[in-house]
Amino acid sequence: MVAKSELHHVSTRQSDTSNVNNPQEEKKHLHQLDAVQEEQAVGYREYVEGLGLEVTNAENRRVRWKIDLIILPIFLITQALQFMDKTALNYANLFGYQKALGLKGLQFNYLSAMVYCGYFFGQYPCGWLIGRFPAQRILAISCLSWGVCVLILTQCRTFSSAMGVRFLMGLFEAAVTPGLTLMTGFWYTRNEIPLRQCIWYSALGLGGIVGSYIAMGVSTLPATMKPERWELIFFILGGVTCVWAFVIYFCLPDAPSNARFLNSHERIIAVKRVAGNETGIKNKAFNWEQAKVALVDPKMMLLFVSVFAAAIPNGVVNSFSTIIIKDMGFSTTKTTELKSVGDAVQVIALFIGGAITLNVPNSRLLTATAANTLCTVAAACMAYLPRANTWGRLVSFWLVNAQSVGFTISLVTISSNMGGYTHRAIASAMVFTAYCWGNFAGPFVVKPSQAPRYEGATIGLLVGYAIKLGCHLGLLAYMFLMNRYRERKYGPADKAASDEAGMLDETEFQNKNFRYVL
């Protein structure tokens, strides 16, 4: 592992350019990388060029706005399409999908869960490919592949064929959320990451709203039409996804250092901005030592348990929300309309959470705790309110959608509180392993025999959110105490040296100047 630099960089806030040190003198103190190391450390060349560069607030805002206008919409739409395609069964189920395939017993549950099995097997190779090759190409090929799978679902008329296609869908979709989580750290500062992550992750709610209204429109078509109404949903979503793959391929850059929508000066500014995250951008070399560190990182362990616990109720909400709402006594068209309210709650909660974390320092895990508490109380109301209290139970079911705030904060912890690209990639893969198997297990707590109250599902929601709440409180305590320990042992952090360590791909455990953002 490379040695830590003793360089004291020039602050970008300096106003007197005559006092700026000679950049060439600063570079003498940099760690000397050979050609291979410099190629592997994405953005390091631009980082060195930016030493001593004074960046005004106006320049920083201009670069950030360009990134927001190009990168953020691509992230949001990609995430929305991935979510709508994955949960399309939720809508197809309203239009005779189970009857068309002759599904019996728990076969629909297995079909809903199978995508997460593919997701599990796909995320490790996808994570490696995103690190080793241009990320936009991997995402584009992945997007095109799962879009084709959605179209193929229209031709599946047996349980086994649909299971195989759903597995392949999960395999290709595995590049999206973990990939976008890692890429958010390529483009944004630690302060900016939570809001941006909340914005593109709100695509789950926005996608749910769009999906609900597509289903609502389809529900007005004749039941005898050809293609069948459930087939039409797959045709629409699969077709749009395939077209969007080409947008990703040609419009999404891999990193700030090769963004075509930025000029050469702006690329240096963009790299300089994220160098301040103290976690680096991306390193193409796989580091086995960092992989071992990731597996024993207490933060990763707490995130793993919290995500698994929350993913079980997430699997219930994603795959069975329409059935649960319909069994409260609503028509098919009304069910799709009411489901969209829960999706809107998710979007609103994410925007509120993102705004709080942007404007209130060290409020990330406290915001997640508030959202987790709301979900736990709502799940308890679903479990124990009388059956006759339809609207009370429905509102509670809407409110559990606020759980996305806690999950997004979990992803932010990876992108802004873990140094070393391999460390972040492995931690992300482990967290999404928990996400996969929790979502895989979720559909099986929904038992048709328990309709219309679904006691197992509601208890599953309550227990899952309670465990998640405890884990996030534990994570808050761990990072707070570690910050205090480092201040006592090492003294005040040297920000410039910490930035350098991040660009040289050191983990937060090697970088003694690193401090966690709470």
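Would you kindly give the portion of the calculated P(r) for region 57-273 that falls above 27 Å, as a percent of all Cα pairs? In whole percent, the long-distance tail amounts to 36.
The simple spin-label model puts a point 7 Å past each Cα toward its Cβ; for HIS265 and PHE351 those points are separated by 3.5 nm. The lysine pair count for region 57-273, using Cα distances under 27 Å and pairs eight or more places apart or on different chains, is 6. If the chain linking THR224 and THR189 were pulled fully straight, counting 0.36 nm for each residue of separation and taking away their Cα-Cα distance, it would gain 7.2 nm.
Report the gain in length on full extension from TYR213 to VAL55: 0.36 nm times residue separation, minus Cα-Cα distance, nm rounded to one decimal. Present the calculation step by step, with values, prior to reporting the outcome.
Working: separation 158, 0.36 × 158 = 56.88 nm, distance 4.58 nm.
Full extension of this stretch gives 52.3 nm more.
Accessible-area rank, largest first, for LYS495, LYS226: LYS226, LYS495, with all protein chains present and a 1.4 angstrom probe. Scoring 406-418, 382-394 by mean Cβ neighbours within 10 Å over their residues and listing the highest first yields 406-418, 382-394.
Determine the per residue accessible area of region 290-383 with all protein chains present and a 1.4 angstrom probe, expressed in square angstrom.
Values: 3220 Å² over 94 residues.
Per-residue accessible area for region 290-383 comes out at 34 Å².
Computed with every protein chain present, the accessible area of ARG273 is close to 20 Å² [probe 1.4 Å]. Just to confirm my numbers, what's the Cα centroid distance between region 188-267 and region 417-443 in Å? Centre-to-centre (Cα) distance: 22 Å.
With a sphere of radius 13 Å drawn around the Cβ of CYS198, what net charge do the other residues whose Cβ falls strictly inside it have (Lys, Arg +1; Asp, Glu -1)?
For residues surrounding CYS198, the net value is +1.
Counting Lys and Arg as +1 and Asp and Glu as -1 over every other residue whose Cβ lies under 15 Å from the Cβ of MET216, the net charge comes to +2.
Sorted by accessible area (1.4 Å probe), largest first, how do LYS489, LYS326 line up?
LYS489, LYS326
Please work out the C-alpha center-to-center distance from region 290-315 to region 482-518 and express it in whole Å. The distance from the Cα centre of region 290-315 to that of region 482-518 comes to 23 Å. Taking the Cβ of PHE480 as the centre, find all other residues whose Cβ is under 15 Å away and add up their charges (Lys, Arg: +1; Asp, Glu: -1). For residues surrounding PHE480, the net value is +4. Carbon-plus-sulfur fraction of the accessible area of region 470-518, 1.4 Å probe, in percent? Result for region 470-518: 65 percent of the exposed heavy-atom area is carbon or sulfur.
For region 323-365 versus region 149-172, the inter-centroid distance based on Cα atoms is 29 Å.
The values are calculated or read from the model by the stated rules, or taken from the named source; none is laboratory data. None of the values given here were measured: they were computed from a predicted structure. Neighbour counts run over all protein chains shown; Cβ positions are idealised from the backbone, glycine included. SASA here: full protein model, heavy atoms, side chains in, ligands and nucleic acids out. Shrake-Rupley method; radii C 1.70, N 1.55, O 1.52, S 1.80 Å.
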